[in-house]
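No value in this document is a laboratory result; all are computed from the given coordinates. Since we're looking at a predicted model, the values are computed, not measured. Don't worry about glycine lacking a Cβ; one is built from the backbone with ideal geometry, like all the others, and counts go over all protein chains shown.
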């Protein structure tokens with residue numbers, strides 16, 4: 001089974017949390033814990049949630065992202081979703097989460113700061 005979440009700190013004080021595969025009831029707790037763990041361990045200025053490898057999200061998956069957002073704001077970190085697929089973008093827009101989270105498309109590591117951090 002594929003690991004659904006990988007966290008990578010960078011020298012600029014940010015952390016990228018890459019989510020892979022489905023974000024649903026089966027792994028939402030693991031995704032939320034992965035985001036919280038990255039914030040606790042590295043106290044980043046910005047947490048980048050990279051969804052380029054994510055394939056599906058349900059309401060519990062959205063809840064996991066909201067938990068991650070709350071942990072980020074509690075830790076004074078900025079929370080930005082990057083590289084959403086069109087389907088993810090649509091879900092985030094319809095639910096109003098685009099307005100809550102920061103959102104950027106097609107962001108790679110060297111250009112993250114230019115995306116608004």
Item to check | Residue of 91, 15, 81 that the Gaussian network model of the chain assigns the largest fluctuation, springs spanning Cα pairs under 10 Å | outcome: 91
Item to check | Estimated distance in nm for a label pair at residue 11 and residue 24, the labels positioned 7 Å out from Cα along Cα-to-Cβ | outcome: 4.1 nm
Checklist entry - Given segment 5-115, what percent of its DSSP beta bridges are antiparallel, to the nearest 5? => result 25 percent
Checklist entry - So which residue, out of 38, 64, 76, gets the largest mean-square fluctuation from a GNM of the chain using Cα contacts under 10 Å as springs? => result 76
Checklist entry - In the Gaussian network model of the chain, springs joining C-alpha atoms below 10 Å, which of 72, 87, 54 carries the largest mean-square fluctuation? => result 87
Item to check | P(r) tail fraction, the chain - alpha-carbon pairs more than 18 Å apart, % | outcome: 43 percent
Item to check | residue 70 versus residue 87: modelled label distance in nm, points set 7 Å from Cα along the beta carbon direction | outcome: 2.7 nm
